[in-house]
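S.K.: I'd like to ask you about the structure that follows.
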Amino acid sequence: RIVAAFGSFRFVIKGGLAGAAVYVAYDQGLLGSGTQGAEALRKAQAALPPAIQEWTSYLGWEVRAVQLPPTPKFDFSPSDSWNKGVQTVMSALSVAPTRACEYTVEGWKYVKDLVK
């Protein structure tokens, strides 16, 4: 019985941590649009170095020669990429019947030329 109670206690803790992670991601705008995600990334890039400095001073570590590498710059918009992909697929679907007819006509001509 103790093992079963411990297992359910672990499940509750893991579920709580997962729920908290989803809440924090939603609260910071990571689950929103691409613009909101890019803004959250900029906030994180600005807040990370001061936070590390604060924790190292709090823990008594002295960081002199250690420099963090600069954060990578991303010029990528998920929403623009998504829109481009949707436009490409819709364009291909809109010309598909015409292309199918053209390829069918070309195929029949090829077969007729082989039979002659």
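S.K.: Residues of region 41-60 being more than 15 Å from G29 (Cα to Cα) and touching a residue at least 12 places away in the same chain (Cβ under 8 Å), which ones?
M.R.: Across region 41-60, the qualifying residues are L48, P49, I52.
S.K.: How many of the residues making up region 1-20 are at pLDDT below 85 and under 19 Å from the mean Cα position of the chain (by Cα)?
M.R.: Result for region 1-20: 0.
S.K.: Is it true that some residue in region 69-90 is among the polar types (S, T, N, Q) and at pLDDT 80 or above? Give the derivation first.
M.R.: Quick first cut of region 69-90, residues among the polar types (S, T, N, Q) only: 71, 77, 79, 81, 83, 87-88.
In the following step, the residues that additionally are at pLDDT 80 or above were identified as 87-88.
Yes, the conditions are met somewhere in region 69-90.
S.K.: Right, another one. Of the residues V95, V66, which is open to solvent by 90 Å² or more (accessible area, probe 1.4 Å), β-branched (V, I, T) and either at negative phi or at pLDDT below 70 (or both)? Give the steps one after another, and end with the answer.
M.R.: Working: V95 fails: open to solvent by 90 Å² or more (accessible area, probe 1.4 Å).
After ruling out the rest, the residue left standing is V66.
S.K.: Quick one: how many residues across region 21-34 are open to solvent by 70 Å² or more (accessible area, probe 1.4 Å) and either more than 16 Å from the chain's Cα centre (by Cα) or at pLDDT 75 or above (or both)? Give the steps one after another, and end with the answer.
M.R.: Our first condition is that a residue be open to solvent by 70 Å² or more (accessible area, probe 1.4 Å); within region 21-34, this holds for 22-24, 26-28, 30-31.
Add one more test, that the residue is either more than 16 Å from the chain's Cα centre (by Cα) or at pLDDT 75 or above (or both), and what stays is 22-24, 26-28.
Here the count works out to 6.
The values are calculated or read from the model by the stated rules, or taken from the named source; none is laboratory data. Treat the numbers as computed from the prediction; the structure is a model and nothing was measured. Ideal geometry is used to build each Cβ from the backbone, glycine not excepted, and the neighbour counts take in all protein chains shown. Protein only, heavy atoms only, side chains kept; ligands, DNA and RNA dropped before computing areas. Shrake-Rupley method; radii C 1.70, N 1.55, O 1.52, S 1.80 Å.
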